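Q: The structure follows.
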Amino acid sequence: MRARWQSVRLLRSFGVVVVIVLSVLVLSPAGSALAATPQAISGAASSPGGGAPSQATLSRQAGTGSAPLQGNPYGCYGRSDYPHISSHYPDRVAAQGWTICSVQLPYEHVDSTLYRQDCWWIFCWWTQVGYASNTNNFISYGAVRAVPSHVCSGSSSHLYEIDSYHEVHDAAGNVYTAYTANDNTVACG
């Protein structure tokens, strides 16, 4: 009989712990995410790009000239296009990072990384699923492009993000850089 009462006491203690934990989860700011979809709680894992714009004018890198410039005299900018199902390879998600100038400079470069947000219950994290880089392999006059991609392994929806680093050098040795990012929810597991 004594063992039975100890079991009942143990179950009550466990029940109290469960009620406390659930109360904390429901009443905390993250608790409202319990009924949300993984895409609705994307703020739970901060974006790898840190909120970079999808398009940005390249500005002079610190230490490469005597006066900082807000822009550059070559009309150069970086751009990250939103991730999407590829029209050329429909079994994969792809995105494009561009470095574009109105004139062709001696050095034009773009690094692009593709991330997928994975979630389990209310916990989300970013996984790198693709990377591409391009230096002076011009797509058109003054434009280089990097296309990271990821082969789909299912049809579940995920938030994908491309983060791009853009860099150009002029003949005088000035270096201009920018970071861009873009995201999109895509049905590609």
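Read-outs: derived from the displayed coordinates by stated rules, not from any lab. Computed from a predicted model, the values in this text were never measured in an experiment.
Q: So what's Rg/Rh here for segment 74-128, counting alpha carbon atoms and using the Kirkwood radius for Rh?
A: 1.13
Q: Translational diffusion coefficient, Stokes-Einstein: compute it for segment 36-187 using the Kirkwood radius over C-alpha pairs as Rh, at 4 °C and 1.567 mPa s, and state it as an integer in µm² s⁻¹.
A: 80 µm²/s
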